[in-house]
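These notes are about the structure you will find just below.
The values are calculated or read from the model by the stated rules, or taken from the named source; none is laboratory data. Here the structure is a predicted model, which is why all the values come from computation and not from measurement. Note: ideal-geometry Cβ built from the backbone for every residue, glycine included; neighbour counts use all protein chains shown. For accessibility, only protein heavy atoms count, side chains too; no ligands or nucleic acids. Shrake-Rupley method; radii C 1.70, N 1.55, O 1.52, S 1.80 Å.
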Amino acid sequence: MQTVLNYEVKDITLAEQGKKNIEWAQKDMPVLNSIRERFKKEQPFKGLKLTASVHVTKETAALCIALKEGGADAVLAASNPLSTQDDVAAALVKYYGIPVYAIAGEDSETYHRHIKTVLDHKPNLVIDDGCDLVATIHSSKRELIPNIIGSCEETTTGIIRLQAMQNEGKLEFPALGVNNSLTKHMFDNRYGTGQSALDGIIRATNILLAGKTFVVCGYGWCSRGAADKARGMGANVIVTEVDPLKALEAAMDGFRVMPIADAAPLGDIFLSITGDINVVSAQNMLNMKSGAFVANAGHFDVEIDVKGLKKYTKEFKNIRPNLDEWVLENGKSIYVLASGRLVNLVCAEGHPASVMDMSFANQALGMEFIVKNQGKLENKMYTLPRSVDEEIARIKLDSMGIKIDTLTAEQERYLNTWSEGT
């Protein structure tokens with residue numbers, strides 16, 4: 001007898017196209033594919049319930065499928081109201097038997113209802129993208145805590161929230177910060193966000209970047225990727241920062257560095273990727289040149305003060321999908337992309353599968369690490385061992401046909417002695 005799934009997606013008839021897109025992504029995810037094959041045999045998650053809140057895309061679908069094939073009883077909600085690929089959501093339900101609660105464009109009330117619905121699954125394991133699941137568990141679903149073995153967090157934003165919980169002594173189960181793994185932030189953040197953020201801006205606007213002044217707020221791994229890609233496309237890049245070390249690095253990398261207030265009148269395009277609130281303030285936008293474009297690639301829609309901008313707006317126009325014109329009282333027009341939400345996932349398709357391959361390999365192995373170490377971990381954040389990073393990188397290199405050197409016995413000995421010098 002076939003089990004009838006409960007789910008909430010836009011249109012289940014989109015499933016066929018979603019399945020094609022998932023299979024297309026899997027072709028470019030050799031690391032995760034190898035892990036999935038091992039999980040099939042070893043069943044590390046057999047008998048365990050998994051609840052995930054992630055961007056419902058073809059790449060995250062590949063992760064969820066790998067975990068289910070490893071024995072997990074999985075259920076999925078979106079981690080952002082606008083990033084869901086509706087065909088993928090339908091395919092996960094119809095072809096892979098994973099209940100999904102996600103609809104592109106769902107309002108905030110529906111989004112939070114979906115978060116609470118998937119937590120009714122009473123998970124043993126949690127995968128989070130932005131920490132909304134973990135925060136909800138700790139604030140209003142505390143009865144679930146005794147049964148939770150641990151969680152994995154994907155994003156910089158989520159790790160900031162987890163660190164705050166840990167600092168306050170409020171984190172009540174182990175959490176693995178996937179974003180701290182080298183094969184995550186050095187590649188996904190820099191090359192993935194760097195490319196997909198610009199892809200989103202270009203798709204939403206169809207503007208030429210060459211010759212434009214492009215302001216990047218922040219110089220973390222995501223921001224430096226975007227700054228580098230924008231420069232590569234001919235833009236004149238300005239970086240704004242609050243961290244003196246990162247600001248110095250940006251200057252040494254050849255970018256102009258200045259406060260956002262000074263950059264506001266100069267920029268043609270503004271992209272905030274910091275994980276903080278009101279990075280681009282209403283006052284900053286009032287001081288921008290008419291026709292400036294403002295976008296966000298941070299996880300939550302708080303980096304651009306859209307609410308504050310409403311006070312100075314006399315007319316609002318939707319120009320095309322995910323591009324709104326705000327006609328201000330001072331006579332200027334400011335164009336906000338994706339309503340201030342994640343431009344790379346709302347206006348484009350997110351990161352390419354080949355880079356998410358490494359990120360989701362970390363997620364899959366992170367879940368396995370938590371299960372294998374059940375009862376041994378403290379209620380704090382962990383990072384996967386460096387050996388895991390190295391193995392992921394090694395598999396990735398093999399898939400690319402790249403070979404590297406190995407240390408000779410003499411070199412190994414030299415690196416492990418203090419008595420040999422010049």
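Quick notes on this structure:
- Cα-based shape type of segment 364-422, given that a ≥ b ≥ c are square roots of the gyration tensor eigenvalues and the cut on a/c is 1.5: oblate
- Positive-end residue of 124, 98, 146, charge dipole of the chain with Cβ unit charges: 98
- With R₀ set to 56 Å, the beta-carbon distance separating residue 399 from residue 314 gives a calculated FRET efficiency near 0.55.
- Centre separation in Å (Cα based) which lies between segment 99-155 and segment 1-80: 16 Å
- Within the shell defined by Cβ-Cβ distances under 13 Å, the residues around residue 17 carry a net charge of 0, with Lys and Arg each +1 and Asp and Glu each -1.
- Taking every Cα-Cα distance in the chain and sorting them into 10 Å bins starting at zero, the pair-distance distribution P(r) comes out as 5, 21, 30, 25, 14, 4, 1, 0 percent.
- Mean accessible surface per residue for the chain, computed with a 1.4 Å probe while every protein chain stays in place, in Å²: 45 Å²
- Within a Gaussian network of the chain (alpha carbon springs, distance under 10 Å), most fluctuating of 50, 271, 245: 245
- The distance from the alpha carbon centre of segment 390-422 to that of segment 254-330 is 47 Å, rounded to a whole number.
- About the Cα centre, charge dipole magnitude for the chain (Lys/Arg +1, Asp/Glu -1 at Cβ), debye: 400 debye
- Largest GNM mean-square fluctuation among 281, 83, 223, using the chain with Cα springs under 10 Å: 281.
- Relative to the Cα centre, the charge distribution of segment 267-330, modelled as +1 at Lys and Arg Cβ and -1 at Asp and Glu Cβ, gives a dipole magnitude of about 200 debye.
- Candidates 242, 134, 280: whichever shows maximal mean-square fluctuation once the chain is modelled as a Gaussian network with Cα springs under 10 Å: 242
- Percent of beta bridges antiparallel (DSSP, the chain, rounded to nearest 5): 20 percent
- Leading residue at positive end of dipole, the chain (Cβ point charges), from 64, 165, 263: 64
- Contact order relative to length of the chain, as percent, for alpha carbon pairs under 8 angstrom and 6 or more apart: 16 percent
- Accessible area ranking (1.4 Å probe, heavy atoms, ligands and nucleic acids excluded), largest first, for 95, 219: 95, 219.
- Note on residue 327 and residue 374: the extension gain reaches 11.4 nm, defined as 0.36 nm multiplied by sequence separation minus the Cα-Cα distance.
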